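The values are calculated or read from the model by the stated rules, or taken from the named source; none is laboratory data. What you see is a predicted model, and the numbers here were worked out from it, not measured in a lab. Backbone-built Cβ (ideal geometry, glycine too); neighbour counts: all protein chains shown.
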Amino acid sequence: MTATTAVPPAAGRFRSPRARLQAYAIRHRSATIVVSMALITVAMIILPQVPPLSLIQRQSSWFDTFANAGVFILLAMGLNVVVGLAGLLDLGYAAFFAIGAYTYAYSNSPFSQQDLPFLPMLVVGAAVAAVFGIALGAPTLRLRGDYLAIMTLGFGEIVPIVFLNLDKWTEGTNGIGGIFRPEPLPIIGEFSALSPFAYYILMVGIVTVAMILLYRMQDSRIGRAWNAIREDELAAAANGINTVTTKLLAFAIGATTAGFAGVFNASKLTIVSPEQFLFAVSFSVLAMVILGGMGNIWGVAAGAFIVYLIQVVVLKGLNSMVEGLGIPVLDKINFVDYQYLLFGLALVFMMLLRPEGLFPSQRRRRELHIADELAGPIDEPGVIGALGEAPGSADEFGEAAGEDVPGRDR
Amino acid sequence: MTDTSEVLRADKVTKRFGGLIAVNTIDFAIPRHSIVSLIGPNGAGKTTFFNIIAGIYDPTDGRIEFRGETMIAHARRAWLEPILWLAMPGVVAAVTIAASFSGIAQGTVILGIFATVGVLLASLVTGVARGPAYQRFLSRFGIFRSARPNDMVVAGLGRTFQNIRLFQNMTALENVQVGMHSRLHAGWLDALLSTPRARAEELSSRLRAEELLTLVGLEGAGDGLAKNLPYGDQRRLEIARAIASDPVLLLLDEPTAGMNANETAGLTALIGRLRKDLGLTILLIEHDMKVVMGISDRVTVLDHGEKIAEGTPEEIRRDPKVIEAYLGAPAV
């Protein structure tokens, strides 16, 4: 009995150009990422010089916006590892962002009287964040689902409060200011507030490298293990996956990515203070991951970029546009104030209309559209009919039917 | 690990859930290369016993020896483990405190604090990860903790579940590759750098997975999602996933449940082939008496958590106690 599946086998010669391009992109993933990022970079240099983008703000402001968006792209890609790939809900992700930022602040500011080189500190900041990721993960990963979410939420609250209250070490609410900018790098040039071009190019580099590494991780044995854990933790353990270390690794990698973002952000804003890392950041990043399409690295990056642009550029633009129209009630509304309301609405509608996100991963689409797939071709009605059970519904039946082994954590 | 004639040996294994004794002092052994069946009415404790062997439950009492090594037993001196975790950071902390009183530079004290936290973290992580070296370290202090399910797989045990537990949204091939997880060695650094070793391993694992799919009769189904396979094929895929870790002992929990006569015959043939071709030892829970009597070398009968009979299929068929357990006591 050979199995028949809803997915048609890739028939070598008759594939469409699009399918062939996709197959090529999957086979040469790193090269594809580099080429695409190069194209996007060039497009982002050219587009702000022509209308309509040139009407909104100057080119250098656009670079500034893009570099800041890059911070959120990094954060979203990192959280995607934890939430999208390994399936662990992390509500305190901003904590790792904060740890990366404060690490850089300690190494490069008048407050600490240190001036260490930027690029090594980028790695150190990420490493420190990774250590905290493991420190949070080790005791909490025995928990599941809601309990893990609450623990991470707590951690996300604790970190900014610690930075707030340890005045002597962190300058409290004022934060650590006057952080030194990175020293000039070859080719990229000088980092300054007036010409954010260097930050923009550096960010593109970091995002490209992060994306390549994360894709490699996802396609590896470990990525497969994350997926297995997300689908069925007990079955994953019964197939030889050390669930504890594998989940810990997801946490560490997520935290590392946030650490990169934190160091970059601190060096760009030249100030770190606790209110940059409140729950709203964790929430925004999670919303970016969900809107972009959990589990799909490109999708999550695009989602973060779009959401950030909406937050920072579109809502402001909407304000000035509405003011120009002079409609009595509308011109009193400051859309930026309502961004979280709009965010929430967007999430609600997204969950109703397209729960897999804007750019879903193949896997998520399959999971969330079981009904569509069942309507597809089922070729062995005899076998299935005899059991009165459709393929794919086996797990729902199984869960109800007894042997539900409560997982034991030791 | 020495090869003995018995792959697995259970010694007075008991499991209590509150007041319920699910498994009561069972002695049990599986000879190498044999097919042993575990039968009994519903609720006899077969699956509980299975889960104890697979490392999912800790037994309340007794122990299980797998390939000559005690793998599973009730935890011994478990209270000592957290103390061990704290011992090393405690020493570092004590040294730091002593140094701070002796008037050492403040920077050194801060370094000591960092070292304490670092060592604490390191010992915590080793403790949670529980690698083999750590297990050996524990045994030196007389601490014993049962193997976890993944440790059992590494030691050479594969299993399937009573209700199919495939990774539904992964392809059949990926499911089998997950089964190989414990036999692949590419770590996170290999993955990040995409080393030639990792790529070669990935490729060979894919080929091996295709071989295994062919072995269980699923050739060409590798690219389809597990959940889109017909029910019988899902059972076969689960077996392929279980044997992907090259186990010595394969546990099959009701492999023919819900199958028609044709499929059952096919699966029975497959189980026989697995023993012959792969040299597996197989422990089977099964309700279909035709299957049990057809392929088993030995049969063990459980009822109410107790072993009521054991022997060749012929002996079991004639055992009055077994007949009573299944059909009730003869009316007088």
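How many residues does segment B:147-176 contain that are touching a Ser or Thr at 6+ places or on another chain (Cβ under 7 Å) and more than 7 Å from chain A (Cβ to nearest Cβ)? Number of matching residues: 1. Considering segment B:38-62, and only residues there that are on the phi > 0 side of the Ramachandran plot and within 11 Å of another protein chain (Cβ to nearest Cβ), the residue that is surrounded by the most Cβ atoms within 10 Å (Cβ to Cβ) turns out to be B:GLY55. Condition check for B:ARG197 on (1) surrounded by 18 or more Cβ atoms within 10 Å (Cβ to Cβ); (2) in contact with a helix residue (DSSP H, G or I) (Cβ under 8 Å, 6 or more places away or on another chain): one failure, at (1).
To keep it simple, each residue is scored yes or no on (1) in the same structural domain as B:GLY305 (by TED's automatic domain parsing); (2) of a type in the set (Val, Ile, Thr).
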position	(1), (2)
B:PHE17	yes, no
B:GLY40	yes, no
B:GLY43	yes, no
B:ILE56	yes, yes
B:PRO59	yes, no
B:GLY62	yes, no
B:TRP85	no, no
B:GLY90	no, no
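Contact annotation: residue pairs with Cβ atoms under 8 Å, 6 or more positions apart or on different chains, pairing a residue in segment B:144-156 that is of a type in the set (D, E, K, R) with a partner that is in a helix (DSSP H, G or I) and modelled with pLDDT of 90 or more, are B:ARG148/A:ALA237. Scanning segment A:311-325 for residues that are closer than 20 Å to A:LEU345 by Cα and touching a residue at least 12 places away in the same chain (Cβ under 8 Å) returns A:GLN311, A:VAL312, A:VAL313, A:LEU315, A:LYS316, A:GLY317, A:LEU318, A:ASN319. Report yes if some residue within segment A:125-145 is more than 14 Å from chain B (Cβ to nearest Cβ) and modelled with pLDDT of 90 or more; otherwise report no. Checked segment A:125-145: at least one residue is more than 14 Å from chain B (Cβ to nearest Cβ) and modelled with pLDDT of 90 or more. Exactly one residue out of B:THR116, B:THR60, B:THR96, B:THR108 is free of Cβ contacts under 8 Å to residues at least 40 places away in the same chain and within 25 Å of A:VAL244 (Cβ to Cβ), and it is B:THR116. Scanning segment B:21-65 for residues that are over 20 Å from B:ALA75 (Cα atoms) and of a type in the set (Ser, Thr, Tyr) yields a count of 3.
Taken across segment B:210-218, residues that are in contact (Cβ under 8 Å) with a residue 12 or more places away in the chain and either at the interface with another protein chain (Cβ under 9 Å from one of its Cβ atoms) or of a type in the set (Lys, Arg) (or both) do occur, with at least one present. The condition of being within 17 Å of B:GLN162 (Cβ to Cβ), touching a strand residue (DSSP E or B) at 6+ places or on another chain (Cβ under 6 Å), more than 8 Å from chain A (Cβ to nearest Cβ) and of a type in the set (A, V, I, L, M, F, W, C) holds for B:LEU251.
Quick check on my filter: what residues within segment B:189-238 are assigned to a helix (DSSP H, G or I) and among the β-branched types (Val, Ile, Thr)? Scanning segment B:189-238 gives a single hit, B:THR214. Here B:GLY187 meets each of (1) at the interface with another protein chain (Cβ under 10 Å from one of its Cβ atoms); (2) within 21 Å of B:VAL153 (Cα to Cα); (3) touching a residue at least 12 places away in the same chain (Cβ under 8 Å); (4) surrounded by fewer than 19 Cβ atoms within 10 Å (Cβ to Cβ) with one exception, condition (3). Going through (1) under 20 Å from A:ALA236 (Cα atoms); (2) at the interface with chain A (Cβ under 8 Å from one of its Cβ atoms) one by one, B:GLY232 falls short only on (1). Scanning segment B:256-264 turns up no residue that is away from chain A (no Cβ under 14 Å), of a type in the set (S, T, N, Q) and either assigned to a loop (DSSP other than H, G, I, E, B) or touching a Ser or Thr at 6+ places or on another chain (Cβ under 8 Å) (or both). Here B:GLY179 meets each of (1) more than 8 Å from chain A (Cβ to nearest Cβ); (2) surrounded by 24 or more Cβ atoms within 10 Å (Cβ to Cβ); (3) closer than 19 Å to A:ARG221 by Cα with one exception, condition (1).
When segment B:283-317 is limited to residues that are more than 14 Å from B:GLY45 (Cβ to Cβ), among the hydrophobic types (A, V, I, L, M, F, W, C) and surrounded by 18 or more Cβ atoms within 10 Å (Cβ to Cβ), the one that is farthest from the chain's Cα centre (by Cα) turns out to be B:ILE316.
The helices (runs of 4 or more DSSP H) falling completely within segment A:144-258 that include 2 or more residues that are within 28 Å of A:THR270 (Cα to Cα) and free of Cβ contacts under 8 Å to residues at least 60 places away in the same chain map to A:145-165, A:167-170, A:197-219. In the set (1) within 11 Å of chain A (Cβ to nearest Cβ); (2) without any contact (Cβ under 8 Å) to a residue 60 or more places away in the chain; (3) of a type in the set (D, E, K, R), B:GLU81 fails one condition alone, (2). Screening B:LEU274 on (1) touching a residue at least 60 places away in the same chain (Cβ under 8 Å); (2) assigned to a helix (DSSP H, G or I) shows it passes everything except condition (1). Restricting attention to segment B:113-146 and to residues that are outside any loop (DSSP other than H, G, I, E, B) and at the interface with chain A (Cβ under 7 Å from one of its Cβ atoms), the residue that is surrounded by the most Cβ atoms within 10 Å (Cβ to Cβ) turns out to be B:VAL128. Regarding segment B:258-267, can at least one residue be identified that is out of contact with any Lys or Arg (no Cβ under 9 Å at 6 or more places or on another chain) and touching a residue at least 60 places away in the same chain (Cβ under 8 Å)? Within segment B:258-267, none of the residues are out of contact with any Lys or Arg (no Cβ under 9 Å at 6 or more places or on another chain) and touching a residue at least 60 places away in the same chain (Cβ under 8 Å). Against the conditions (1) within 23 Å of the chain's Cα centre (by Cα); (2) acidic (Asp, Glu); (3) under 22 Å from A:PHE260 (Cβ atoms), A:GLU157 satisfies every one except (3). Selection of segment A:270-300 for residues being aliphatic (A, V, I, L, M), surrounded by 20 or more Cβ atoms within 10 Å (Cβ to Cβ) and more than 18 Å from A:PHE343 (Cβ to Cβ) yields A:VAL272, A:ILE297. The helices (runs of 4 or more DSSP H) falling completely within segment A:41-129 that include 3 or more residues that are within 14 Å of the chain's Cα centre (by Cα) and under 18 Å from A:GLY303 (Cα atoms) map to A:59-79.
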